[in-house]
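What follows is a set of notes on a single structure, which appears directly below.
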Amino acid sequence: MSEILFVCTGNTCRSPMAEGLLKQYDHGEERRVLSAGIMAADGQGASQMAVETMKKRGIDLTKHRSRSLTIEMIEQADWVLTMTENHKNHILLLLPEHTNKVKTLKEFHDSKTKDRNIMDPFGRSISAYEKTADELERLIQALIRQKKI
């Protein structure tokens with residue numbers, strides 16, 4: 001069974017939305033999907049706007065609880081997909097031996113892309129959450145179609 005780990009900052013917006021989207025589109029694939037944050041406080045719920053945004057897509061984030069990223073999570077995952085270049089660099093400073101499996105989500109989709117960051121909607125309007133969710137959804141659907149995950 002493969003394991004995909006999405007990583008953002010606080011694990012209350014982008015990475016739980018990505019986790020929920022992949023689980024929704026997974027269609028019975030044999031994989032474990034997780035999310036964590038490089039600066040997360042364990043046990044926080046998803047942000048209210050992330051919950052509302054994903055509810056419109058048929059995804060329930062009300063049971064999500066944030067997790068702080070650990071070395072064990074990184075080592076166990078087949079792919080560690082970050083929301084920004086900074087998240088990726090943070091991980092690779094700690095564990096440079098995992099360069100082959102730690103990528104930004106955008107870079108994993110298209111290695112030639114110059115903009116590798118997904119906007120953080122935290123503290124912004126519902127439209128910012130919708131925009132981020134739309135981008136995550138497009139990327140995840142494309143990765144599934146390309147059979148990269």
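Just so it is clear, none of the values below were taken in a lab; they were calculated from the coordinates. These numbers come from a predicted model, not from an experiment. Heads up, the Cβs are rebuilt from the backbone with ideal geometry, glycines too, and the neighbour counts pull from every protein chain shown.
Here are a few things to note about the model shown:
- Other-chain or far-sequence residues with amide H under 5 Å of K101's (modelled H): none
- Overall form of segment 2-145 per C-alpha gyration tensor (a/c, 1.5; a/b vs b/c): rounded
- Value of relative contact order over segment 2-145, rounded to a whole percent, pairs C-alpha under 8 Å and six or more apart: 27 percent
- Basic side chains Lys and Arg get +1 at the Cβ, acidic Asp and Glu get -1 at the Cβ, and with that the dipole of segment 1-133 about its Cα centre reaches some 420 debye.
- For segment 81-91, the Karplus equation 6.51 cos²θ - 1.76 cosθ + 1.60, evaluated at θ = phi - 60°, returns couplings of 10, 9, 8, 9, 5, 5, 4, 4, 5, 4, 5 Hz by residue, with Gly and Pro reported as x.
- For A46, residues with placed amide H under 5 Å, excluding near neighbours: H64
- Each of T12, V51, F108 was scored by the projection of its Cα onto the charge dipole of segment 2-145, and the greatest displacement toward the positive side belongs to V51; charges sit on the C-beta of Lys, Arg, Asp and Glu.
- Placing a label point 7 Å from the Cα of R31 along the Cα-to-Cβ direction, the residues of segment 51-85 whose backbone N falls under 17 Å of that point are 74-83.
- If R0 is taken as 22 Å, the Cβ-Cβ distance between L93 and T70 corresponds to a FRET efficiency of 0.90.
- Table column - 3J(HN,Hα) (Hz), segment 11-21, Karplus curve with 6.51, -1.76, 1.60, x for Gly and Pro: 6, 10, 10, 4, 5, x, 5, 5, 4, x, 5
- Each residue of segment 143-148 was assigned a 3J(HN,Hα) from its phi angle through the Karplus curve 6.51 cos²θ - 1.76 cosθ + 1.60 (θ = phi - 60°); the sequence is 5, 5, 4, 7, 6, 7 Hz, with glycine and proline shown as x.
- Distant-in-sequence amide contacts of R32, defined by a placed amide H-H separation under 5 Å and a gap of 5 or more residues or a different chain, comprise S2, E3, I4.
- At R0 = 22 Å, FRET efficiency that the Cβ-Cβ distance of I144 and E52 yields, to 0.05: 0.35
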